[in-house]
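Undergrad: What follows is a single structure, and I will ask about it in a moment.
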Amino acid sequence: PLTARANGVLRNGYGAESMAMGSTGVAFARDPLTAVASNPATLTLLDEKMFSLSLTGIHGHGRFENAFNDHAGLGRDTGAFPEFALSYPIPDSRFTLGFALRVDSARLADWRYTDAPGGIDGNTSYGRQTHQAEFTALSATVGVGMELSEKLSLGLGLGLVYHRVGLDVPFIFQTEPTLAGWKTLLDLETDGYGWNASIGFLYRHSEDLSFGIQYLTKVELHGRGQARGDVSAQLDSLGLTGVESRFRYDAEVDTALPQILSAGLSWQCHERVRLALQLDWVGWEDAFDELRVSLEDGTNAAINELTGSNSLVDRVPVDWKDRFVYRAGVEVALSENADFLLGYSYGRSPVPSSLTTPLNGSIFEHTVSAGLRAERGPWSFALAYQYHLPNTESVGVSDYLAGEYSQSSLEISAHLLALSASYSF
């Protein structure tokens, strides 16, 4: 799936109702997908056994420009993914259980543009190439909500996170002592597992007003896989003809998903209108400081001789910044069984302009959304449209070695459409 996210690589809501309301689910939930993902304490609001299914589709637009590319665009610009959740109030108890299979991140930056001259000599180019970077995180989360009193609920969640990292790019070594500045074609794929946990509280001040808070822990992600590549253009540019250029390594990539603290309220301010407000703090600095790439058991004898080892470690600077995300949602009752939903979120891009490229450019900031929700018997349905407004980032002098991305600009936007169905039984 191709992804678009508000403030980085993270989702902007889980399920159609949450997406339409600007992802303001920390203080109110009607379905298990929103409850488990946004605040497990809100599971106590679900009085009946319920399951939810959701499907989200996306269409993205991107434009990259520099001295060697004019209006370069995405190679793939559409995608889709499903999600599932269920809840179960334990009879004659204060506990409600929940489970969700969801997509936390599914970022595929798939571009086609000309590789600008660079490398160790400043003149190395691999011509027109695929520039692709993938970051996928899928989670299976178990949650439990417990009513501590008539007004206060506690929620706990534990998630197993599967992640995949991929690169198919002209790659420039950044910190490896011998190869820093060298450019090679690189095809890298790794995957692995990690864990996260959440704790949340829900305080129901009255039937019309509730407050929620959730803390989600950082997820350490360690992936293993393989890396293959060809350094032919760099060798030729240095006059090293006749040297074997292809290589293969066992690869390891270390990265993380950030800790998040969310707080918000849900207020039935009118018999037909509900207002939701939420503030998220996202700890990007501790999670996306660098991308550590470890390569072992290299097969290219010439590279091994040059570096004095068959193993390499490169640390690619990322240096994302902590950010606040501001969210608001409005629900207007059209009838007894139908609601109109509106949402908005804003979070300043966490990516420094000097380190922005089409591969890591998660630079969305403003997101608007709208949707409809309807009930029919035990079924409820929600349809959401979400628009990540176009945002442009310009790079003056790039902080990456060799300066291929200096004097460039990147613009991206995206449209999402989600359909969810829930059944109470």
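Undergrad: Conditions: (1) surrounded by fewer than 16 Cβ atoms within 10 Å (Cβ to Cβ); (2) under 25 Å from ASP280 (Cα atoms). TRP320 meets all but one. Number of the miss?
TA: (1)
Listed here are the residues, each with its yes/no results for (1) of a type in the set (D, E, K, R); (2) at pLDDT 95 or above; (3) open to solvent by 30 Å² or more (accessible area, probe 1.4 Å).
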| position | (1), (2), (3) |
| --- | --- |
| LEU359 | no, no, yes |
| PHE364 | no, no, no |
| ARG373 | yes, yes, no |
| TYR400 | no, no, yes |
| GLU404 | yes, no, no |
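Undergrad: Here's a follow-up. Taking GLU336 and the conditions (1) more than 19 Å from the chain's Cα centre (by Cα); (2) at pLDDT 95 or above; (3) open to solvent by 50 Å² or more (accessible area, probe 1.4 Å), which numbered condition does it fall short on, given that it satisfies the others?
TA: Going through the list (1) more than 19 Å from the chain's Cα centre (by Cα); (2) at pLDDT 95 or above; (3) open to solvent by 50 Å² or more (accessible area, probe 1.4 Å), GLU336 breaks only (2).
Undergrad: Let me ask something else. Yes or no: LEU202 among the aliphatic types (A, V, I, L, M), in contact with a helix residue (DSSP H, G or I) (Cβ under 7 Å, 6 or more places away or on another chain), outside any strand (DSSP E or B) and open to solvent by less than 20 Å² (accessible area, probe 1.4 Å)? Working first, answer last.
TA: On the way: among the aliphatic types (A, V, I, L, M): yes; in contact with a helix residue (DSSP H, G or I) (Cβ under 7 Å, 6 or more places away or on another chain): yes; outside any strand (DSSP E or B): no; open to solvent by less than 20 Å² (accessible area, probe 1.4 Å): yes.
So LEU202 fails the test.
Undergrad: When you scan region 91-129, how many residues do you find that are acidic (Asp, Glu) and either open to solvent by 60 Å² or more (accessible area, probe 1.4 Å) or in a strand (DSSP E or B) (or both)?
TA: From region 91-129, those acidic (Asp, Glu) are 92, 104, 110, 115, 121; that's our starting set.
Retained after the next criterion (residues that are either open to solvent by 60 Å² or more (accessible area, probe 1.4 Å) or in a strand (DSSP E or B) (or both)): 92, 104, 110.
Of the residues in region 91-129, 3 are acidic (Asp, Glu) and either open to solvent by 60 Å² or more (accessible area, probe 1.4 Å) or in a strand (DSSP E or B) (or both).
Undergrad: For region 140-159, enumerate the residues that are of a type outside the set (A, V, I, L, M) and farther than 13 Å from GLY98 by Cβ.
TA: Quick first cut of region 140-159, residues of a type outside the set (A, V, I, L, M) only: 141, 143, 145, 147, 149-151, 153, 155, 157, 159.
Hits for region 140-159 are GLU147, SER149, GLU150, LYS151.
Undergrad: Filter region 26-84 down to residues that are over 16 Å from SER198 (Cα atoms), hydroxyl-bearing (Ser, Thr, Tyr), under 17 Å from the mean Cα position of the chain (by Cα) and buried (at least 19 other Cβ atoms within 10 Å of the Cβ), then give me how many there are. Explain how you work it out, then say what you get.
TA: Kept after step one, since they are over 16 Å from SER198 (Cα atoms), are these residues of region 26-84: 28-31, 45-84.
With hydroxyl-bearing (Ser, Thr, Tyr) added as a condition, the list becomes 52, 54, 56, 78.
Now narrow it down to the ones that are under 17 Å from the mean Cα position of the chain (by Cα): 56, 78.
Pick out the ones that are also buried (at least 19 other Cβ atoms within 10 Å of the Cβ) and you get 56.
Going through region 26-84 one residue at a time, the tally reaches 1.
Undergrad: Still on this structure, I have one more. In this structure, is LEU138 surrounded by fewer than 17 Cβ atoms within 10 Å (Cβ to Cβ), of a type in the set (A, V, I, L, M) and farther than 30 Å from ARG246 by Cα?
TA: On the way: surrounded by fewer than 17 Cβ atoms within 10 Å (Cβ to Cβ): no; of a type in the set (A, V, I, L, M): yes; farther than 30 Å from ARG246 by Cα: yes.
Judged against the criteria, LEU138 is not a match.
Undergrad: Pick out the one residue from ARG30, ARG94, ARG102 that is free of Cβ contacts under 8 Å to residues at least 60 places away in the same chain and either within 29 Å of TRP267 (Cβ to Cβ) or among the polar types (S, T, N, Q) (or both). Show your work before the answer.
TA: Numbers: ARG30 fails: free of Cβ contacts under 8 Å to residues at least 60 places away in the same chain; ARG102 fails: free of Cβ contacts under 8 Å to residues at least 60 places away in the same chain.
The unique qualifying residue is ARG94.
Listed here are the residues, each with its yes/no results for (1) acidic (Asp, Glu); (2) over 16 Å from LEU158 (Cα atoms).
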position: SER18; (1), (2): no, yes
position: ALA37; (1), (2): no, no
position: THR42; (1), (2): no, no
position: ASP70; (1), (2): yes, yes
position: GLY79; (1), (2): no, yes
position: GLU83; (1), (2): yes, yes
position: LEU86; (1), (2): no, no
position: SER93; (1), (2): no, yes
position: THR96; (1), (2): no, no
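Undergrad: Oh, and also: Need the failing condition index for SER245 against (1) among the polar types (S, T, N, Q); (2) open to solvent by less than 40 Å² (accessible area, probe 1.4 Å); (3) out of contact with any Asp or Glu (no Cβ under 6 Å at 6 or more places or on another chain), just the number.
TA: Evaluating SER245 over (1) among the polar types (S, T, N, Q); (2) open to solvent by less than 40 Å² (accessible area, probe 1.4 Å); (3) out of contact with any Asp or Glu (no Cβ under 6 Å at 6 or more places or on another chain) leaves (3) as the failure.
Undergrad: Same structure, new question: Condition check: surrounded by fewer than 18 Cβ atoms within 10 Å (Cβ to Cβ), without any contact (Cβ under 8 Å) to a residue 60 or more places away in the chain and assigned to a strand (DSSP E or B). Does ARG315 satisfy that?
TA: Details: surrounded by fewer than 18 Cβ atoms within 10 Å (Cβ to Cβ): yes; without any contact (Cβ under 8 Å) to a residue 60 or more places away in the chain: no; assigned to a strand (DSSP E or B): yes.
No; evaluated as a whole, the condition is false for this residue.
Undergrad: Let me ask you something else. Restricted to region 260-291, and to residues that are in contact with a Ser or Thr (Cβ under 9 Å, 6 or more places away or on another chain), more than 30 Å from LEU334 (Cα to Cα) and surrounded by fewer than 18 Cβ atoms within 10 Å (Cβ to Cβ), which residue is modelled with the highest pLDDT?
TA: TRP281
Undergrad: Still on this model: Look at VAL330 and say whether it is crowded, with 16+ Cβ neighbours inside 10 Å, of a type in the set (A, V, I, L, M) and closer than 23 Å to THR136 by Cα.
TA: On the way: crowded, with 16+ Cβ neighbours inside 10 Å: yes; of a type in the set (A, V, I, L, M): yes; closer than 23 Å to THR136 by Cα: no.
For VAL330, the condition - crowded, with 16+ Cβ neighbours inside 10 Å, of a type in the set (A, V, I, L, M) and closer than 23 Å to THR136 by Cα - is not met.
Undergrad: Continuing with the same structure: For ILE213, are the conditions met, namely being open to solvent by 10 Å² or more (accessible area, probe 1.4 Å), in contact (Cβ under 8 Å) with a residue 40 or more places away in the chain, among the β-branched types (Val, Ile, Thr) and in contact with a Pro (Cβ under 9 Å, 6 or more places away or on another chain)?
TA: Working: open to solvent by 10 Å² or more (accessible area, probe 1.4 Å): yes; in contact (Cβ under 8 Å) with a residue 40 or more places away in the chain: yes; among the β-branched types (Val, Ile, Thr): yes; in contact with a Pro (Cβ under 9 Å, 6 or more places away or on another chain): no.
No.
Undergrad: Under 6 Å between Cβ atoms, which residue pairs at least 6 apart in sequence (or on different chains) link something in region 375-396 that is among the acidic types (Asp, Glu) with a partner that is part of a strand (DSSP E or B)?
TA: From residues that are among the acidic types (Asp, Glu), the pairs are GLU393/LEU410.
Undergrad: Name every residue in region 145-187 that is open to solvent by 20 Å² or more (accessible area, probe 1.4 Å), more than 22 Å from GLN259 (Cβ to Cβ) and among the hydroxyl-bearing types (Ser, Thr, Tyr), in order of residue number.
TA: Residues satisfying the conditions are SER149, THR175, THR178.
The values are calculated or read from the model by the stated rules, or taken from the named source; none is laboratory data. None of these values were measured; they are calculated from a predicted model. Every residue, glycine as well, gets a Cβ built from its backbone with ideal geometry; the counts of neighbours run over all protein chains shown. Ligands, DNA and RNA are stripped out before the accessible areas are found, and what is left, the full protein with its side chains, is counted by its heavy atoms. Shrake-Rupley method; radii C 1.70, N 1.55, O 1.52, S 1.80 Å.
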